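The values are calculated or read from the model by the stated rules, or taken from the named source; none is laboratory data. These numbers were taken from a predicted model, which means no experiment stands behind them. Quick reminder, even Gly has a Cβ in these numbers, built from the backbone with ideal geometry, and neighbours come from all protein chains shown. We work out accessible area using only protein heavy atoms, side chains counted, and drop any ligands, DNA or RNA first. Shrake-Rupley method; radii C 1.70, N 1.55, O 1.52, S 1.80 Å.
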Amino acid sequence: AAGNEANDNDVTPSYPANVDCANVISVASTTWLGAVSTFSNTGVNTVHVAAPGSDIYSTVPGGGYRRLSGTSMATPHVTGMAALVWMYRPQLSMHQVKDIVLGSVRKLSSLEGKISTGGLINAKNALEAASAFAPPQPPAHAPLALAFEDMDPNIAVYGGTVTVTAAADESDIEYYRVFFVSGAGFQLQALGHKVPATGAAELTMEINASFVPPKYAKYLVVVAGRAAGEMHALLNGIAPHVELKDFALPDSGPSYASWGGDRDLREGWASGELTVGRAESEHAITSYNVYWSTGLGGIRGPLVGKIPGIGRRAPSCAGKSCGLLGQSRTTDGGWRFARRPYGSSEQATIAVSGPGRLEFDAFDTERYYDSLFVDGLRISGNLSATLPYRLDLPEGLVNIQWKSDESLEATGWSFVLYQSGTTTNLTLGSVEVQGLGFEVVPAYEENELASAAVYAAVADNTPQMQAGNHFGVGDGRAVLPLAPLLSPAERGPIRRLAPLDKIPMFEDKKVDKKSKRGAPTLDVFEKDKFRALWSAPASPVQGSRVRGAFVVTGLSAAAASAPAARAAVERALRDQLSATIAGGVVGVVRVTGVAAPELEAAAELAAKVEFEVEPLSNSPALDMDRIEARLILLGLGLRASASFDAALGAALAALPTSTEVVAAVGLPGALRAHFAPPHRMGVRLAIQSAPATQESADTRDRKLRGAP
């Protein structure tokens, strides 16, 4: 483009149009009548041709159209015509194409003495001039196949050997050449050099150095050529092609893997949650592949599942002032960055992946001139009055840029950066156990880095497992087989409760992206999430007892606090627990409190019930252990939970219709009780009086812990 200042470029140069280079064509603008546009630069020695550039109907950013004027609107006409000539005669050199463009203009008196050719470009004349050159005559025969396998482990960088299977008939072939081709089928630049046709059935081209493909390149196409012409590299032509597949390996792996415990009591089956610590940088990780395994370096079993990578990236600093920043890890897993005080002309950029947050504990800079830019947001000035100041980071790559000018300085800034999403979970339903644990292997596409794998052992909890602290269920000290506590009907297919956060009134509200805020999840057993409606008078603990709580959905809190409803709950609990006691009498079961969720809508659909169980004074010593174990089973969400739900629903439905409880129960089967782990209170009932042939629970407990 010659420029839009109405100047003479011979007198006042305009760049880059005036660059003295053989491949430059400088273009002036004309109106639709052929006159020089009033704004256009000219120059009889430095401007070569003219093209329409006034009031051109053109595309604009955003998908629209506008009429625009300028030599930048004239130049595309010349570019397009040059491409047309080159497509017509692809063997022409750059100099030959330029000569044809300049030599084929239509002379206009309005342009005489103003540009070197004195004319307007003309596509018809240009193609007629190009026809004087013989058309290309590429070979009729094509190579049979092309193969390439990337051997460079770096992302988006390729290296390896290109293998060409020669044409069956090479009588008209002098060489083979490989081109990059876009996904849309456009020929891009050539890869490497020409490979001479030697008569060999297979030819190779070694790529001595790794290469980065041109933008949009998706395929390699091999063509045959000779002096008279070369084939076009087309995806739908006779020339073979191969897709560019990037071979890359992860450069790191997960930080750890942890199995949360087996919730399936059937032998040979497991159900639960695997927690995986993401790698600090997932630049080269597309997934974490989870396999059954006998251990790292052992026998790997079948694939259990894949956890997608999210592109996590730990903070990294680039720029001349990175060495001046204070950088350290905090005890709670954050990264502290500080510059106190700072100097003139500092520049540093911290790149990190979100989501996350920044927590500032100091910020004092020269207003406007010395600033931190967080994802484009400027932070500048003295913020002491607003500290501590928190700023949420969005998902994806975030740049935190620090700049100071050459003038005044202040005391500086300090913040701690916290990343979210540092761990991820793989939830397993009931699956067959096929190893001793899970091996978690980082992968980039189908390529895995086994040396960076981590391992989590899995203990298969069976009906003969022992309940208690040492097995991750409950917080009491009951240690006894659970199998006798399951009735035959409860040992069938497993029935699971939906997590409370899947129940509508306990769901998180959608986060407002602008405010970054949302309603907190209603934690089932946090006291500050509930308000008490009824409490029993306090009574001193007499001996050993178990306290528990459950949230029942499908029953309003107000209805649950009614005396008749509390009595129905006590009956349902007593019936459930008595079945586990040798004598069939559990002792005292009392409801000690009823609470309503703080969320008003949830209070109509759920209630929290607290209770305690005290055995009879003459009951066997193991009764307390059995009661605690049964409550643990109710909390696991197995079929035992379904039997309690049914019993509670029946007890409430049997109440007199004059009460408000029946109406509050809702549809049949709507009741669901979600039990918290039980708490053992008071003195543990030892069983030293047990026969010598019977191993006591305490003895088994010590053995399991390895104690003498």
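As a summary of the residue check, residue 65 satisfies the conditions (1) closer than 27 Å to residue 7 by Cβ; (2) in contact with a strand residue (DSSP E or B) (Cβ under 9 Å, 6 or more places away or on another chain); (3) open to solvent by 40 Å² or more (accessible area, probe 1.4 Å) except for the one numbered (1). Find all pairs meeting these conditions: Cβ atoms under 9 angstrom apart; at least six residues apart or on different chains; first residue within the stretch 48-66 and free of Cβ contacts under 8 Å to residues at least 24 places away in the same chain and of a type outside the set (D, E, K, R); second residue assigned to a loop (DSSP other than H, G, I, E, B) and open to solvent by 50 Å² or more (accessible area, probe 1.4 Å). As it stands, the answer is 56/69, since those pairs meet every condition given.
Restricting to the stretch 415-451, give me the number of residues that are of a type in the set (Ser, Thr, Tyr), part of a strand (DSSP E or B) and either surrounded by fewer than 19 Cβ atoms within 10 Å (Cβ to Cβ) or at pLDDT below 90 (or both).
At the first step, the residues of the stretch 415-451 found to be of a type in the set (Ser, Thr, Tyr) are 418, 420, 422-424, 427, 430, 444, 451.
The next check asks that each one be part of a strand (DSSP E or B); those that pass are 418, 423-424, 427, 430, 444.
Keeping just the survivors that are either surrounded by fewer than 19 Cβ atoms within 10 Å (Cβ to Cβ) or at pLDDT below 90 (or both) gives 418, 423-424, 427, 430.
Of the residues in that region, 5 qualify.
Contact map, the stretch 249-277: residues that are among the basic types (Lys, Arg) paired with residues that are surrounded by 18 or more Cβ atoms within 10 Å (Cβ to Cβ), Cβ distance under 6 Å, separation 6+ or inter-chain. Pairs shown: 263/271; 263/272; 263/636. Scoring residue 290 on the criteria (1) at pLDDT 90 or above; (2) open to solvent by 10 Å² or more (accessible area, probe 1.4 Å) leaves a single failure, condition (2). Contact map, the stretch 209-223: residues that are free of Cβ contacts under 8 Å to residues at least 60 places away in the same chain and surrounded by 12 or more Cβ atoms within 10 Å (Cβ to Cβ) paired with residues that are part of a strand (DSSP E or B) and not small (Gly, Ala, Ser), Cβ distance under 6 Å, separation 6+ or inter-chain. Pairs shown: 211/158; 213/180; 217/180; 217/188; 219/181; 219/241; 219/243.
Checked against the criteria, residue 500 does not count as closer than 16 Å to residue 652 by Cβ, modelled with pLDDT under 90, open to solvent by less than 60 Å² (accessible area, probe 1.4 Å) and of a type outside the set (Val, Ile, Thr). Screening residue 336 on (1) surrounded by fewer than 17 Cβ atoms within 10 Å (Cβ to Cβ); (2) part of a loop (DSSP other than H, G, I, E, B); (3) within 26 Å of the chain's Cα centre (by Cα) shows it passes everything except condition (2).
Considering only residues in the stretch 80-112 that are open to solvent by 60 Å² or more (accessible area, probe 1.4 Å) and in a loop (DSSP other than H, G, I, E, B), the one that is farthest from residue 9 (Cα to Cα) turns out to be 91. Looking at the stretch 560-663, the helices (runs of 4 or more DSSP H) lying wholly inside it that each contain 1 or more residues that are open to solvent by 60 Å² or more (accessible area, probe 1.4 Å), modelled with pLDDT of 80 or more and farther than 17 Å from residue 679 by Cα sit at 563-578, 639-653.
From the set of residues in the stretch 354-407 that are acidic (Asp, Glu) and open to solvent by 70 Å² or more (accessible area, probe 1.4 Å), which is nearest to residue 310 (Cα to Cα)? Steps first, answer last, please.
Filtering the stretch 354-407 down to residues acidic (Asp, Glu) leaves 359, 361, 364, 366, 370, 375, 392, 395, 405-406.
Checking which are open to solvent by 70 Å² or more (accessible area, probe 1.4 Å) leaves us with 361, 375, 395, 406.
Working: 361: 29, 375: 19, 395: 9, 406: 40 Å.
Among those that are acidic (Asp, Glu) and open to solvent by 70 Å² or more (accessible area, probe 1.4 Å), it is 395.
What residue, of 180, 247, is surrounded by 13 or more Cβ atoms within 10 Å (Cβ to Cβ) and under 27 Å from the mean Cα position of the chain (by Cα)? When all the criteria are applied, what remains is 247.
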